Amino acid sequence: MLKSIRYITCIGLMLLSIIFLTDNSIEIDAEPISKHEILSYDVFDNIRHPNDIKSDKSYQELISIIHNIKMGDNITESLSSNTLKPMIYMFNNSFYIDYEKCRDYVIGLANKYDTYDKPRLFHTSDNQEIKIMPLESDTFKGYELDVDALTNKLILNITSCSFDTIDAIWLNKGMTLSGLNDIGDSYFEISLDEQHIWLYIDNKLIADTDVVTGLNNTEYETPKGIYYVRSLNQHYNMNYGEGSAICDYFILVTPNGIGIHDSKKREMFGGDIYKSNGSHGCINIPPDKAKLFFETLSNLKMSAIPVVIR
């Protein structure tokens, strides 16, 4: 922005303001004022930016409304009058809403609620609180606010003095905005070290069992990360390098075909089996538990629950 020097003089009842710009051009503003009016403003405050929005409302109308934004999970953020005031300025006898200041407010909401690609605290089934770092392979990414879309929606509400509550706009969503993390109360937890799986629905343990995961220290090792249930399949044909096999229940977890499924050929699960006789990457579980897991998820309104592999 060009730097400017303002000279102010009073001629009768007219304020004559001359701004000398560094490019040698001159801008002259003349506005009637009362004889004893005290002026106090920043020289840049009256410069309208291209993205700023003009309002036909009065200043009192603009600051009299509290704008509410529904974030989700019964959480509402309110834009108060004190927060709104710095976003408003006058130019040519009209009030404008400063786009960048409005956007900064929305960025603050994103900083508060975004979990996308951020570390998460997770309370394990063996009563430990661990930090799970984000991985590129994760398909469960978490919350990411659409800053530009929400800014546009909010600034239009402000400009029109609308009383309508705004719904937050998300590029990506997790399961919950409240609690220890965004994973929620319904999820699979799989421990590679313990070779065990737990299924929680609404914070209640439905069932757990020993498992056999991908062959350790090979290309078939089951990948850690946070995923979600992609599909539920019955009588599923699994193809792998050495051939194929059919299972009764297959819960797809990763984009490259790793899932949770029954394994009839195994008589033993858990322990160190995965170190010498592991799977091709899938999580093998006993047939009765596979059936229980499948039927439990089938009865949910949304079966795409998170899957935490640690």
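The values are calculated or read from the model by the stated rules, or taken from the named source; none is laboratory data. The structure presented is a predicted model; accordingly, all values stated were derived computationally and were not measured. Backbone-built Cβ (ideal geometry, glycine too); neighbour counts: all protein chains shown.
If I ask for residues that are surrounded by fewer than 17 Cβ atoms within 10 Å (Cβ to Cβ) and in contact (Cβ under 8 Å) with a residue 40 or more places away in the chain, which ones from segment 277-310 would you list? Selection gives Asn277, Lys291, Thr296, Ser298, Leu300, Ala304, Arg310.
Summed over segment 208-253, residues that are surrounded by fewer than 17 Cβ atoms within 10 Å (Cβ to Cβ), under 17 Å from Tyr187 (Cβ atoms) and without any contact (Cβ under 8 Å) to a residue 60 or more places away in the chain total 1. When Lys264, Lys289, Lys275 are screened for being assigned to a helix (DSSP H, G or I) and out of contact with any Ser or Thr (no Cβ under 8 Å at 6 or more places or on another chain), only Lys275 passes. Among the residues of segment 172-186, those identified as under 15 Å from His123 (Cα atoms) and modelled with pLDDT of 95 or more are Asp182, Ile183, Gly184, Asp185, Ser186.
Note on segment 195-204: residues that are closer than 28 Å to Lys275 by Cα and either surrounded by fewer than 17 Cβ atoms within 10 Å (Cβ to Cβ) or within 25 Å of the chain's Cα centre (by Cα) (or both) total 2. Scanning segment 128-151 for residues that are assigned to a strand (DSSP E or B) and touching a helix residue (DSSP H, G or I) at 6+ places or on another chain (Cβ under 6 Å) gives a single hit, Leu145. Looking across segment 177-192 at every residue that is touching a residue at least 40 places away in the same chain (Cβ under 8 Å) and surrounded by fewer than 17 Cβ atoms within 10 Å (Cβ to Cβ), the one that is farthest from Pro223 (Cα to Cα) is identified as Ser178. Contact annotation: residue pairs with Cβ atoms under 9 Å, 6 or more positions apart or on different chains, pairing a residue in segment 89-107 that is touching a residue at least 24 places away in the same chain (Cβ under 8 Å) and loosely packed, with under 15 Cβ neighbours inside 10 Å with a partner that is among the small types (Gly, Ala, Ser) and in a strand (DSSP E or B), are Ser94/Ser55.
Tallying residues that are part of a strand (DSSP E or B) and either aliphatic (A, V, I, L, M) or within 12 Å of Ile283 (Cβ to Cβ) (or both) within segment 199-248 yields 16.
Residues in segment 101-115: is at least one in contact with a Pro (Cβ under 8 Å, 6 or more places away or on another chain) and modelled with pLDDT of 95 or more? Yes, that holds for at least one residue. Residues that are closer than 30 Å to Asp208 by Cα, within 14 Å of the chain's Cα centre (by Cα) and in contact (Cβ under 8 Å) with a residue 40 or more places away in the chain within segment 135-171 comprise Thr139, Phe140, Gly142, listed in sequence order.
Only one of the numbered conditions (1) assigned to a helix (DSSP H, G or I); (2) closer than 30 Å to Gln195 by Cβ; (3) among the polar types (S, T, N, Q) is not met by Asn111, and that is (2).
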